[in-house]
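Everything below concerns the one structure shown next.
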């Protein structure tokens, strides 16, 4: 994939473009490294962040995402467990952990983009995590959608359809639920 500067996705020029677009708010250097496929660099940045503030749950979630990207689910789930130790009420932890249990085909915007490249097919566990995520933050449409998908993949079509109907009613102005 080329960049505006004509380099590869992992070229230093692409990193600088990404950094200039995402240095404000929660978009940081580790996010840019992750996007360009530099998981080692992203992990190093995240570990540095944890040295400064070890209780940041979002950093633990991002480290889990790096482990997922690298195909190491056991380390990913260790990072999710660490995130819940610091804040068991963070819905993003459960949402992203649910993604580790169910195949995700595309990226979903949230606190951090995740594309899970391996399939664990733990749909019941995924449904538990998505349920917890929706309980903690019922305004995040993607937790509702992924809950319905996990229920469907578990073979509970009736429950899945009920979840989809509730999601359509709860988010009438959102197009995403209608894509499923």
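The values are calculated or read from the model by the stated rules, or taken from the named source; none is laboratory data. All figures in this text were calculated on a predicted structure; none of them were measured in a lab. Virtual Cβ from ideal backbone geometry, glycine too; neighbours counted across all protein chains shown.
I need the full set of residues from segment 58-77 which are free of Cβ contacts under 8 Å to residues at least 40 places away in the same chain and closer than 16 Å to residue 98 by Cα, in order please.
60, 63, 64, 66, 67, 72, 74, 75, 76, 77 - these are the residues of segment 58-77 that are free of Cβ contacts under 8 Å to residues at least 40 places away in the same chain and closer than 16 Å to residue 98 by Cα.
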Would you check which residues across segment 131-145 are under 16 Å from residue 175 (Cα atoms) and surrounded by fewer than 24 Cβ atoms within 10 Å (Cβ to Cβ) and list them?
139, 140, 141, 142, 145
Of all helices (runs of 4 or more DSSP H) completely enclosed by segment 108-178, which ones contain at least 2 residues that are at pLDDT below 90?
123-136, 141-153
Among the candidates 43, 75, 62, which residue alone is at pLDDT 85 or above and surrounded by fewer than 17 Cβ atoms within 10 Å (Cβ to Cβ)?
75
Within segment 13-30, identify whether any single residue is in contact with a helix residue (DSSP H, G or I) (Cβ under 6 Å, 6 or more places away or on another chain) and at pLDDT 80 or above, and answer yes or no.
no
